[in-house]
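We did not get these values from a lab; they are worked out from the coordinates using the rules stated. Source: prediction; values computed, not measured.
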Amino acid sequence: MTNGYIYKDVKRQEYRLLPNSKNIKTPLLISSCLLGHNVKYDGTNNCLDLKTIEKLKEKYLLFDFCPEVVGGLPTPRIPCEIISQNPLRVIDKNGDEKTSNFIIGAKKTAEFCKSKGIKIALMKANSPSCSNKFIYDGTFTSRKVKGYGITVDKLSENNIIIKNEKEVESLYQRIENKC
Ligand code: SF4
């Protein structure tokens, strides 16, 4: 039994297997730390439980990405917070300016999504790059305020749907509704 149908590629004069559209996985961007990569500021990760990862892999093609690493920051690194939205400013806990790293990371993530046809993302909550709901308030006192991470803001401009790890169930919902 095949997972698709056979068609003749006239140009190459050969038969090929075209998968059923039902079997084609949807590309999903995922924060690298959620997949277990040690890219978090303290050199650790925020790995989801294996069952969750397996369930995602059943229907999604996962592309992991860390905007802060791609933006040129080292791991481990001093934690950063957004201290101003307009003009946008990000500093680390030592007071050093890191805004450009965050802007580069956001831009590169958006370009990556475009190149892979990604329209949906699972991103880490509360991160100054990846959060879709709350961010730390810029005082380095663990207080949170409503707001987006810089990368998520950029992805939203490009109409990419963003969920965080606490909303992962809604990604399964989306799949089940589609099938
Ligand atoms: S920038 Fe995003 S992917 Fe990278 S460590 Fe922070 S939350 Fe994880």
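Observations on the structure shown:
- As a ratio to 2.2 N^0.38 Å, the alpha-carbon radius of gyration computed for segment 56-120 takes the value 1.32.
- For Cys47, the residues whose amide H sits under 5 Å from its own are Gly36, ignoring neighbours fewer than 5 places away on the same chain, with H placed 1.01 Å from N.
- Solution diffusion estimate, µm²/s, Stokes-Einstein, segment 24-178, Kirkwood Rh from C-alpha pairs, 4 °C, viscosity 1.567 mPa s: 83 µm²/s
- Listed pairs Lys51/Lys98; Lys25/Lys107; Lys59/Lys93; Lys51/Lys93; Lys25/Lys98; Lys25/Lys93 exceeding 32 Å between Cα atoms: Lys51/Lys98; Lys59/Lys93; Lys51/Lys93; Lys25/Lys98; Lys25/Lys93
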